[in-house]
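Beneath this line is the structure, given in structure tokens, with notes to follow.
The values are calculated or read from the model by the stated rules, or taken from the named source; none is laboratory data. Quick caveat, the model's predicted, so the values are computed rather than measured. As a convention, Cβ positions derive from the backbone with ideal geometry for all residues, glycine included, and neighbour counts pool all protein chains shown. SASA here: full protein model, heavy atoms, side chains in, ligands and nucleic acids out. Shrake-Rupley method; radii C 1.70, N 1.55, O 1.52, S 1.80 Å.
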Amino acid sequence: MQFQQLQYFVAVAETRHFTRAADLVHVAQPSLSQQIKALERELGADLFLRARGNITLTDAGEALLPLARRILADADTARHEVQELAQLRSGRIRLGATPSLCTGLLPDVLRAFHDRYPGIRLLIEEGGSHDLVRELARGALDLALVVLPLPTPSPALTTVELLREDLVVVSSPEAPAPGRGRMVRISDLEGERLVMFRHGYDLRELTVAACRAEGFEPDFAVEGGEMDAVLGFVRAGLGVAVVPRMVATKSGRGLRVTPLARPGLHRTIALAHRSDVAPPRAARELQRMLLER
């Protein structure tokens, strides 16, 4: 009994027509009929009653049909499982993330993932949430770590909340402490020189909006940098900056870290992927590790 013969048998049983069954499995009708006859000879029983224009299952055919369907389904499951395992031995993940998350969250998670799946190439693209959403939408990324709410909400994306992170104020230990020293209110940033991220950077929009809510425009000493540049400028004493606590903890060497007074500032990080395309198996495994970290 051959696997292909069972496929042909199920096709005829479901269509009740040899020609339509042949079209369904992409084979010539005479070849399909020959394989069905060979299967009947091997089993020693007719599977179909062949009346003109009317194909019905015999008792033997009725008994074989659920078994054949189960065998074909098990074969599909086996193929799928092997392919899933193969995807975890080789392949790639295209992951987008904001620069602050590349600095704070990702290194430990990616190290754990690489230790478990060393054959998977990790392709990282840094950018603001707006840029990452656009790259997801055009299929250039498998997953992205973005800041919620999205700059332009898209029904074509699925997001899963990952963490809610506090923001803190960093300054040079050699400069006067901002605010009251142990705690900083947003209003205390009025009159401080800020080291500010480039336009389109989530932290820039959040900080500027918080200052305006307190009734003042922030004063920029330097603006336009990415995370590493901003931290370097703060260490050099050019001003203070509002950054995620995770980044300040990991990159706090040479920096004074001061919490924001309640209610403070926070940001919500989410994992995003396209709704119409399931991420590859390896990307889903990385997503699981990020959610369980």
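Tabulated data
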quantity	calculated
Gain in span if fully extended, residue 54 to residue 122, counting 0.36 nm per residue against the direct Cα distance	18.8 nm
Accessible surface, 1.4 Å probe, highest first, among residues 267, 134	134, 267
Percent carbon-and-sulfur accessible area, the chain, ignoring ligands, DNA and RNA, probe 1.4 Å	50
Separation in nanometres of the label points that stand 7 Å from Cα toward Cβ, at residue 177 and residue 88	4.9
Principal axis dimensions, largest first and in whole angstrom, of the stretch 146-272 by Cα	48, 32, 27
Surface per residue (accessible, 1.4 Å probe) for the stretch 43-137, Å²	57
Label point distance in nm, residue 28-residue 73, each placed 7 Å from Cα along Cα→Cβ	3.5
Estimated [θ] at 222 nm from DSSP helical runs (n ≥ 4, -39500 (n - 2.57)) normalised by residues in the chain, nearest 500	-13500 deg cm²/dmol
Percent antiparallel among DSSP beta bridges (both partners in the chain, rounded to 5)	60
Cα-based convex hull, the chain, per residue volume (Å³, whole number)	169
Radius 14 Å from Cβ of residue 242, net charge of other residues (Lys, Arg +1; Asp, Glu -1)	-3
Cα pair distances in the stretch 193-258, grouped into 5 Å bins until the bin that holds the longest one, percent each	3, 19, 29, 27, 16, 5, 0
Share, in percent, of DSSP beta bridges within the stretch 144-293 that are antiparallel, nearest 5	75
Debye intensity ratio I(q)/I(0), log10, the stretch 4-144, q values 0.09, 0.11, 0.20 Å⁻¹ (C-alpha model)	-0.54, -0.63, -1.14
Contact order normalised by residue count of the chain, Cα under 8 Å, 6+ apart, percent	21
Selection from 173, 221, 110, by position along the positive dipole direction of the chain (Cβ)	110
Dipole of the chain, positive end: most advanced residue of 254, 97, 25 [Cβ charges, Cα centre]	25
Relative contact order of the stretch 1-159, defined on C-alpha pairs under 8 angstrom at six or more residues apart (%)	17
